[in-house]
Amino acid sequence: MDLNDIIHARRPVTLAANEQKIPWDEPEFSQRMLENHLSQQHDWASRRFSLIEQQVEWIAGQLPAGARILDLGCGPGFYTQRLASRGFRCTGVDFSPAAIDHARREAQRADLSIHYQQQDVRRFVATTPQDLIMMTFGEFNVFSAGDARHLLSHIASQLRPGGWLLLEVHTFQAVQNMGMAQPRWESCPQGLFLAEPHLLLTESAWNAATQTASTLWWAITPSGVTRRFGSQTQAWRDEEYLVLLEQYDFRQVQRLPEQDWPSGSDFTDSLYVLLARKAQDI
Ligand SMILES: C[S@@+](CC[C@H](N)C(=O)[O-])C[C@H]1O[C@@H](n2cnc3c(N)ncnc32)[C@H](O)[C@@H]1O
């Protein structure tokens with residue numbers, strides 16, 4: 001690939017089938033991503049620990065002692081580790097090898113029994129019904145509409161009747177803004193996408209018909225090697241989330257106020273938590 005590929009690329013952005021997600025599950029990429037999860041200088045991979053502590057405190061206040069919690073897309077286990085240390089029985093699932101290695105090391109260091117599984121959340125099946133299943137930080141929106149539906153049905157099947165779903169989602173507006181962002185470039189002496197120094201060009205597109213934002217990154221090294229990375233985010237309107245959850249037998253859907261679940265100054269008005277209960281009668 002050379003610069004001509006960028007100059008003559010089709011616009012608006014079209015992502016190839018393998019460009020729907022950043023490569024979370026590639027070992028080297030996941031190692032670089034882990035450094036960002038651990039950073040206390042920013043909130044974009046995981047939130048800073050002070051905020052996570054507040055969110056964990058809120059979850060712990062809702063559940064009986066020893067409740068079973070499943071964290072889908074648990075990353076390096078920042079939530080599961082803190083919840084397990086409060087006596088909850090935790091499982092964390094993530095397909096990032098570096099994140100799961102880190103989570104396992106930390107659990108061992110703290111002598112906590114946490115089940116971690118390196119797997120795609122769409123395929124993981126819990127062996128015991130769960131009291132609470134959580135998917136935080138807008139991860140739900142990286143799934144296509146079809147996958148999101150499948151995931152909700154899969155989550156419902158792993159919850160006990162009356163069990164809780166805690167789903168932190170992007171607002172419609174936040175996803176639309178991602179798709180309508182102007183093209184930009186930055187120099188990356190060390191970067192997330194490539195270990196070597198590179199220039200990173202970013203283009204985005206919003207598709208109103210499918211309600212999806214696409215982002216395409218072109219990473220160009222000094223020797224002229226160019227690699228493409230992509231990511232697609234699905235937007236749902238507030239009322240669409242409600243209909244979706246009802247369809248999969250979730251009831252008592254409520255939106256948590258900011259004081260219960262502070263989303264962080266970078267995410268005010270772009271992320272919020274939906275809390276729902278699996279119907280008792282199924
Ligand atoms: C933004 S990070 C958030 C991590 C964690 N929830 C936190 O807040 O610290 C999203 C996580 O979801 C994981 N992930 C994304 N898609 C996934 C999938 N299909 N199966 C498993 N893990 C996935 C990524 O590897 C990453 O660790």
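The values are calculated or read from the model by the stated rules, or taken from the named source; none is laboratory data. Only a predicted model underlies this, so the values are computations on that prediction, with no experimental measurement involved. Please note: Cβ atoms are built from the backbone with ideal geometry, for glycine as well, and neighbour counts cover all protein chains shown.
Points to keep in mind about this one:
- On the stretch given as region 43-68, residues that are within 30 Å of TRP218 (Cβ to Cβ) and without any contact (Cβ under 8 Å) to a residue 40 or more places away in the chain total 1.
- Selected residue [buried (at least 19 other Cβ atoms within 10 Å of the Cβ) and β-branched (Val, Ile, Thr)] from THR226, THR233: THR233
- Scanning region 223-244 for residues that are aliphatic (A, V, I, L, M) and either over 18 Å from the mean Cα position of the chain (by Cα) or farther than 27 Å from SER153 by Cβ (or both) turns up VAL225, LEU242, VAL243, LEU244.
Residues checked against (1) surrounded by fewer than 22 Cβ atoms within 10 Å (Cβ to Cβ); (2) in contact (Cβ under 8 Å) with a residue 60 or more places away in the chain; (3) under 26 Å from SER157 (Cβ atoms); (4) not small (Gly, Ala, Ser):
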| site | (1), (2), (3), (4) |
| --- | --- |
| ARG86 | yes, no, no, yes |
| CYS90 | no, no, yes, yes |
| PHE95 | yes, yes, yes, yes |
| ARG109 | yes, no, no, yes |
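- Test for SER263: is it in the same structural domain as PRO129 (by TED's automatic domain parsing) and within 22 Å of TRP24 (Cβ to Cβ): yes
- GLY73 meets all of the listed conditions (1) loosely packed, with under 13 Cβ neighbours inside 10 Å; (2) within 13 Å of the ligand (Cβ to nearest atom); (3) under 24 Å from SER270 (Cβ atoms) but one, namely (1).
- In region 229-240, of all residues being in contact with a strand residue (DSSP E or B) (Cβ under 6 Å, 6 or more places away or on another chain) and of a type outside the set (S, T, N, Q), the one that is nearest to LEU271 (Cα to Cα) corresponds to GLY230.
- Scanning region 1-47 for residues that are acidic (Asp, Glu) and at pLDDT 95 or above gives ASP25, GLU26, GLU28, GLU35.
- The residue that is nearest to the ligand (Cβ to nearest atom), counting only those in region 14-49 that are basic (Lys, Arg) and more than 18 Å from GLN234 (Cβ to Cβ), is ARG47.
- Cβ-Cβ distances below 7 Å connect the following pairs, each with a first residue in region 1-23 that is in the same structural domain as GLY191 (by TED's automatic domain parsing), a second residue that is of a type in the set (Lys, Arg) and surrounded by 12 or more Cβ atoms within 10 Å (Cβ to Cβ), and a separation of six or more residues or different chains: GLU19/ARG228.
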